[in-house]
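Read the figures in this text as sums done on the coordinates, not as results from a lab. Not measured: the values here are computed from a predicted model. Methodologically, a virtual Cβ is constructed for each residue, glycine included, from the backbone with ideal geometry; neighbour enumeration extends over all protein chains shown.
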Amino acid sequence: MAEVIPIGADHAGFALKERLKEELRSLGFEPLDLGTDSAESTDYPDYAHPVAAPVESGAVRRGGGWGGSGRVGELGRGREGK
């Protein structure tokens, strides 16, 4: 079974998230897309917190987030460093 990696982005990171979704699949991972679903303006916490929650709980090893502020990724880092 493929490792599930939750991913999310605000509007500024939407295009990159869509591209990385396909790249993750090609590498054998199963991306769990937690939004956003368009390039319409959104707030990063709406997507960063759902990515970070399963990482923090230990349900998944890592997650990824992208956005214009650069703060989305801070909330979805992997647990390897803990």
Taking H as built 1.01 Å from N, whose amide H comes closer than 5 Å to the amide H of Ala9, not counting residues under 5 places away?
-> Gly35, Thr36, Trp66
Quick one: if you stick a label point 7 Å off each Cα along the C-beta vector at Ser69 and Glu40, how many nm between them?
-> 2.0
Taking every other residue with Cβ under 12 Å from the Cβ of Ala2 and scoring Lys and Arg +1, Asp and Glu -1, one gets -1
Counting Lys +1, Arg +1, Asp -1, Glu -1, what net charge surrounds Glu40 among other residues with beta carbon under 15 Å of its beta carbon?
-> -4
Summing +1 per Lys or Arg and -1 per Asp or Glu among the other residues with Cβ less than 15 Å from Arg25's Cβ gives -3
Could you run the Karplus curve 6.51 cos²θ - 1.76 cosθ + 1.60 with θ = phi - 60° over the range 14-20 and give me ³J(HN,Hα) per residue in whole Hz, x for Gly and Pro?
-> 4, 4, 5, 4, 4, 5, 5
